[in-house]
1. Pop the C-beta distance of Thr255 and Glu2 into the FRET formula with R0 = 51 Å and round what comes out to the nearest 0.05.
2. How large is the convex hull of the C-alpha atoms of the stretch 160-268 per residue, in Å³?
3. Considering Cα pairs under 8 angstrom that are at least six residues apart, work out the relative contact order of the stretch 179-337 and quote it in whole percent.
4. If packing is taken as the average number of other Cβ atoms within 10 Å across a peptide's residues, how do 321-333, 144-156 rank, most packed first?
5. Based on the mean of other beta carbon atoms within 10 Å per residue, what is the order of 185-194, 31-40, 242-251, most packed first?
Amino acid sequence: MEEEKKHIDELIATYLTEGLDKNALAELKAWIAASPENEDYFIRQREVWFSAVSREAESKYNKDKAFDTFRNRIGIRKQVEKAPRREFRLSTLWRYAAIIAVILAVGCFSYWQGGVNVKDTFADISVEAPLGSKTKLYLPDGTLVWLNAGSRIIYSQGFGVDNRKVELEGEGYFEVRRNEKLPFSVKTRDLQLQVLGTKFNFRNYSEDHEVVVSLLEGRVALNNLLKSEKETYLVPNERAVLDKSNGLMKVESVTASNASQWTDGYLFFDEELLPDIVKELERSYNVNIHIANDSLNKFRFYGNFVRREQGVQEVLDALASTEKMQYKIEERNITIY
């Protein structure tokens, strides 16, 4: 058992420094995938490696200081100082990791390459908000994210090391922690956004007809992935609406804070198409809604509701009061006509 542990430690250390050949890499990946405990162990050792030296410190390397810093991180300073020199022994992994700190600091092996290797080993992290609920989370860089019902965000375990890229499916509200060295980007199937630090709401459910980005603070750059166009920039209280059917995007002035009211339990429809409203009601109340007449698909509605206090029937009553539509309910199935 002890011999196997030493062998795995040597594989990890070699993997993080100079890389493994095909057979050795396959062996390490198989060991990691064998159990959650093995994966956790690898992640802990990777974190020790990442924390041994920062990218900014590489050009100011002092090997004695670097080793002292590393020794503090693994919590053995007191034992080292008290023990006689002949009794000072580090485990195989700690010895390799100390060497890693030196190699990294003098630039013999790039920090970036190690990050790429780690990404190749592990799947991306995915966080979802179930239907009928919303989810709040903080990304590793401190960025606050709210996910609306039926939404998902995906980011790499290397997030914050060499990039701050996330993929979004659905709707998310972001308060991005500023970092001029690592721009923050959100990519969906139809539209990509890049910022340094700002507050915005981004909605792009796959079944929706439109993509909507509303900017509360800061400045964002948008790239329309449906058409080859120059970047579009938003300033506070502007929103971009991308029509998925033709790839055309327009920018308009709005009260952008309305777009994030869902994080406080509200449903806010700001001249939205009925099909998109229907999808939002389905996600919020976990019901099935069918629009019986295609002629209704072009209607837009405005409304503000408290989801936790007002049920789907009250929302439909308000929409029906415009005399543009009617509805009927059969258990959890609703028909609009």
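Bear in mind these aren't lab numbers, they're just calculated from the coordinates by the rules spelled out. The model shown is predicted, which means the values in this text are computed figures rather than measured ones. Note: ideal-geometry Cβ built from the backbone for every residue, glycine included; neighbour counts use all protein chains shown.
1. 0.20
2. Considering the Cα atoms of the stretch 160-268, their hull volume per residue is 103 Å³.
3. In percent, rounded to a whole number, it is 15.
4. Final packing ranking: 144-156, 321-333.
5. Those peptides, ordered most packed to least, come out 185-194, 242-251, 31-40.
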